[in-house]
1. What is the local net charge at Gly21, summed over the other residues whose Cβ is closer than 12 Å to its Cβ (Lys, Arg +1; Asp, Glu -1)?
2. Over 20 Å apart: what share of the alpha carbon pairs of the stretch 604-713 falls there, rounded to a whole percent?
3. Hey, got a sec? Which GluC sites (Glu not before Pro) in the stretch 742-822 land in a DSSP loop and have at most 16 other Cβ atoms within 10 Å?
4. When the Cα centres of the stretch 596-665 and the stretch 268-300 are compared, how far apart do they sit, in Å?
5. Taking the structure as given and computing Rg and Dmax of the Cα atoms in Å, which label from (1) 35.3, 114; (2) 29.0, 85; (3) 29.1, 90 fits?
6. Leaving out same-chain residues fewer than 8 places away, which aspartates and glutamates sit with a Cα under 20 Å from that of Lys158?
7. So for each of 884-890, 540-546, 327-333 I average, over its residues, the number of other beta carbons within 10 Å; can you give me the resulting order with the highest mean first?
8. Of Lys566/Lys609; Lys61/Lys807; Lys57/Lys810; Lys57/Lys126; Lys61/Lys523, which pairs sit farther than 25 Å apart, going by alpha carbon to alpha carbon?
Amino acid sequence: MLVIGWDAADWRVIRPLLSAGRMPHLAGLMARGVSGNMATLYPVLSPTLWTSIATGKRPPKHGVLGFAEPTHDGMAVRPCSVLSRTTKALWNILAQSGRRSIVVGWWPSYPAEPIPGAMVSNHFQKVPDDPESPLPPLAPGIVSPRHLAEEISDLRLKPAEIPLDVLRMFVPGCDDVDQGSDKSLHDLARILAETLSIHAAATDLLEREPWDFAAVYFDTIDHACHRFMRFHPPRQPWVPEREFELYRDVVANVYRHHDAMLGRYLELAGPDAHVIVLSDHGFHSDERRLAWIPAEPAGPADEHRHFGILVMAGHGLRCGEKIHGTSVLDLTPTVLTLFGLPVGDDMDGAAQIQAWVDPPAIERIPSWDAVAGDDGRHPAESLHDTRAAAAQLDQLVALGYISPLPDDRARAVRETVCELDYNLARALDDGGSPQLGIPILERLWEEWPDQHRFGIHLLGMYSRAGRIAERRQALETLRERAARLAVEAREKLAALPAEDADADDPVARESPAARRRRFERRKLAELAVGLRLERAEAEQAFLEGDHAACAAAIAPLVAKEASSDKLGFADATFLASRLIDLGRHGEALPIVERLLKADPETSLLPVLKAEILFRRRDWDGVVAAASEGLGLVYFNPRLHLILGLALARLGERTDAINELHVALRQNPALVPAYAALERLHQHDPLRALEYRRQAQSLRERLRRQRQERAVAAPAEAASEYDFSARCQALPQAPARTAEAVVVVSGQPRSGTSMLMRVLEAGGLPILADGLRPADENNRLGYYEYQPVKDIARGKPAAAWIGAAAGKAVKVVAPLVPYLPAGVPMRLLVLHRPVSQMLASQEAMKGRLGTTARVSASALSRRFIAELDAVDAIVASRPGWHVLHVSYERMLADPVGECRRIAAFLGAGFDVAAAAAAVDPSQRRYA
């Protein structure tokens, strides 16, 4: 099986080339296989996406969160690496199944993993630009096995080695380019040199090494599009005509070059191989191209389009047909199914059996991560998490629960950690968990108040989480900050020199310092413009039930849309959504239909059309529009709900039930789905009653949440949560093994030291070093272990976790995700009212002479989210079990609580001795 990755490949560029007969190899592959769109994930960042493609999991599960990461010691920044990946990739699974793989250029794959077969990492093609210097030898980690490095080292090319005749194939008028002032040809030569280096290494290995699976990744299309898509026809008003004529064919010719390379891979794979060509996202090539790239890290990602490409061909697959609803998460489950291997239940994607002539039965396995044996990954002790602790755990540093990073750490580290956290928050939101992303963004926006993007994304997350009052507060904050920062930015811009002193020196202009100055100037220019918040205001008014205010806010948009000067795409889409909210379907429908003609692949538009037709009771139209939308993006619980309801109206009972169940799997909080299922099961009173009870329970829970949100709390009030049910349950768990680690966790000042003392008295060995002596904040001792506190500095837990086997160790809740997933764990999680914990923390910080950096309300919500996340982590990791313990009940009924602990931990725990160690006099509120 052969997988070819073309980063950013897009059907909108490919289709005209296919029609003109200029991509014959791809056309042939499509004729003997299936093809369709490949939906991306957000944020649209290639390293995270290609890791999702290789694992079938979203970024919060696989751990690769951005383009860069802190080094192991947290003191510098490096490109993202495979060491951040926390789960097995496809080639690791195949290694455990006796298959040999060849992987070339995958992003990220450095340092190369020692898999059966060969891996050439994404650092292979990176060579010095100096034409006079010799090629350096390949450093360790670039190629595995090491002996192959010497054999393929000379296959690398430098930009200077690309002859002018080759460049002329891409830029026919290259002789007219003034290369002293225009570096476009040099940039193109660099892109081609890297492409040909990867191609040479891949074809060489495929020719002479045995393999069952091969994956070759090219970033060429993406890089060429970021550099040259601005010149792609038709010419945009902001592109000079001379440059347009010079470089108009570069993008199309890069695609044609990829097709030529594909022909060679098809020869090497042979007629019996399964071949898959895919991309992680597309690239805007029409009027939606950007004239201005946002001045933020990964700003060029805004040029990416939601849909990439997918082509699959091989024995047993359909020929010449389209498939729909696939995403980047589906490749790994699909490949596993083609190999006859089970799909992991913890994978977020699905095998695309619609591609098969005779769809196979899908085998399942709880998690491939739980399968023991050599999988070709790096040793556990070499892996590390990318996020330095000080950037997200300032509260714990202030309390002394983790080690502080050096005060002089580079700004680059802070910015990198900021981006990783921002990407994590957006990935959580994209996966349907905005409530987990909100506390991350709240903290980032407080630490970086000039970053409007944090506030803007918070507005969306608050909406999706139903936290309308908090959205209003964030909107007011955003308005005030935007106005104030705009004034400050204009003053700073006025004080800057008109141009950089090195503007006429091409070398100096491209130096890192000059690029940074230009980036900072662009940031100031964006801040100086301020923000347009009319759309946010209109949505807020609707969410608050003020339809009149919403209508007034969108009136200017309505007027412009009615004129000959139609709204742009984004404004028109927003207007249609608000008109539907207000019940003005007759006005919304022509806007949606106009936009569908302009861009039928914008996934929101079929959703809007289905909403309109549903309210008009056009059930056949709803089915058609909803099916079209789900063919673009399958993960859309509301659209599955609408489709299910329409099918029920048409009497298609079985199909309706299936769609409603899909809607509930994607979002279990859809009351109308339960109500519809009750109606569809009237012939089965017991099933109908079950659905009715589920609907009633959900309605009551949502009603309580609305009441809680309606109660206005002081800005600094702590948000309490009800943990009583958790602390009453006794989970069913197998007998604790000797290697299992007992983890005592919770938030600072929740009683974790007390529980460690209780476990010690009950006869359980503990892992602590006594380096932090007892003091007035904790008179009976902290029971801490310094290496645990150092996890957040990038020092992996794998280095000491073996010493914790059979013992109890204290790990505060924010550090639980950093513990190695493959080690069996028994977690005892302490719960104490948030207001008590915060009061105790503030008093402790006062005695320590440290100060808080976040508000009480934001911090309390973060605490709650982190404790909620512990349950999610335990559920996703085989061999992990959790018992929730109430701090209040431990003080009030120590014998009862210790009996629960004994039942959870197993034989040998002395309940009486443990209960006697509870000392209520040590309760601290201040």
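The values are calculated or read from the model by the stated rules, or taken from the named source; none is laboratory data. The model shown is predicted, which means the values in this text are computed figures rather than measured ones. Here the Cβ is made from the backbone with ideal geometry for all residues, glycine too, and neighbour counts use every protein chain on show. For accessibility, only protein heavy atoms count, side chains too; no ligands or nucleic acids. Shrake-Rupley method; radii C 1.70, N 1.55, O 1.52, S 1.80 Å.
1. Values: positive: Arg22, Arg256; negative: Asp259.
Charge balance in the 12 Å sphere: +1.
2. Result: 44 percent of Cα pairs exceed 20 Å.
3. Values: sites: Glu760, Glu776, Glu784; in loops: Glu776, Glu784.
Answer in residue order: Glu776.
4. What the calculation gives is 28 Å, centre to centre.
5. (3)
6. By straight Cα distance, Lys158 reaches Asp129, Asp130, Glu132, Glu150, Asp182, Asp187, Glu194, Asp204, Asp219, Asp222, Glu510.
7. Numbers: 884-890: 22.0, 540-546: 16.6, 327-333: 25.4.
Descending packing order for the listed peptides: 327-333, 884-890, 540-546.
8. Long pairs (Cα-Cα over 25 Å): Lys61/Lys807; Lys57/Lys810; Lys57/Lys126; Lys61/Lys523.
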